[in-house]
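Bear in mind these aren't lab numbers, they're just calculated from the coordinates by the rules spelled out. Just so it is clear, the structure is predicted and the values come from calculations on it, not from any experiment. Here Cβ is always computed from backbone atoms with ideal geometry, including for glycine, and neighbour counts include all displayed protein chains.
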Amino acid sequence: MATGATEAVELRGALMRLRRTTGLPVAFGGLVEPGRHQVRISELNGTATAALSALAVSSGNGLGGKAVALARPCAVMDYPSSRQISHEYDAAVAAEGLRAILAVPVVVRRRVRGVLYGALRTAQPLGDRTLTAAVEAARDVEQSLVVRDEAQGLLAAAREPEVRPDVTEGAAWERVREAHGALRALAPRVVDPALRAELLAVCATLAASPGPVPAARRVRLTPRELDVLACVSVGTTNAAAGGRLGLRPETVKAYLRSAMRKLGAHTRLEAVVAARRAGLLP
């Protein structure tokens, strides 16, 4: 799935959740166009017309543009008469019949990546509960984009040549193992199934043995057992592994014990060595 398509899916889901949690009749949003200081409205939920579709909102203009420029939520009780904003987009807003509107920026690493809007067709204050729900919806999109960015960065790093002139072979293998562990920990958090499958495929490539694995060494571990072993293989403690994987330390211990039993290992180190020999870890 392309980057833009993935972001659109996240945005669409956030708008649906926003309407469901607040009861707002209309929600819409868009992403900041690459290389430009404007948001293109691409997702509409509950609208009666196409007036807002593909509308380009420049930074600083209108309510959404103000949210982009300030990188913080903004709201107006009655859009057409508000003196808090400029009115470049009044025609599109009027065509949809919107009055009270809020706009919440999606901010990733201090950069605005998009805007979520919620709206009523009556002029009235939008309460704290509604604003909080909109901010939470934006945070969901932010977290998804952070995870996707991390995944793309790790994929790029994992595809680099294993050995560079300034890196010893041993150090290069450590980099491969660290990338493998990071990818395994990140994959369960990735919402996009295509990207998640790509992450796991790269993990399998990194862990693949150079030759066929003898039948005596073939072991089947569950995905979570392998996730835990991948963390342990780079020296991560049970508590730290739990933090990376979203598991409690006791759960990490249980997965580790199960993996050790399947691998015929008595210690963590023996389990990691056995997993590498079985072609499960790099």
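For the pair R121 and M77, what calculated FRET efficiency results from E = 1/(1 + (r/R0)^6), where r is the Cβ-Cβ distance and R0 = 22 Å, to the nearest 0.05? It comes out at approximately 0.95.
Ordered by the count of other Cβ atoms within 10 Å of each Cβ, fewest first, S81, S144 give S81, S144. Each residue of region 222-239 was assigned a 3J(HN,Hα) from its phi angle through the Karplus curve 6.51 cos²θ - 1.76 cosθ + 1.60 (θ = phi - 60°); the sequence is 6, x, 5, 4, 5, 4, 5, 5, 4, 5, 4, 5, 9, x, 6, 6, 4, 5 Hz, with glycine and proline shown as x. Under 5 Å between amide hydrogens, built in the peptide plane, is the criterion, and for L116 it picks out V104, V106 among residues at least 5 positions away or on other chains.
Could you tell me which of rounded, prolate or oblate describes the chain, using a ≥ b ≥ c as the square roots of the eigenvalues of the alpha-carbon gyration tensor, with rounded for a/c under 1.5 and, failing that, prolate when a/b is larger than b/c and oblate otherwise? Verdict is prolate for the chain. Computed from label points 7 Å out along Cα-Cβ, the spacing between R277 and R109 is 4.1 nm. Amide H contacts under 5 Å for T47: A27, restricted to partners 5 or more places along the chain or on a different chain, H placed in the peptide plane at 1.01 Å from N. Under 5 Å from the amide H of E88 lie the amide H atoms of G62, each residue being 5 or more positions distant or on a separate chain, with H modelled from the backbone and absent for Pro and chain starts. Along region 79-91 the Karplus relation, 6.51 cos²θ - 1.76 cosθ + 1.60 evaluated at θ = phi - 60°, assigns HN-Hα couplings of 3, x, 9, 5, 9, 7, 9, 8, 10, 5, 10, 4, 5 Hz to successive residues, with x for each Gly and Pro.
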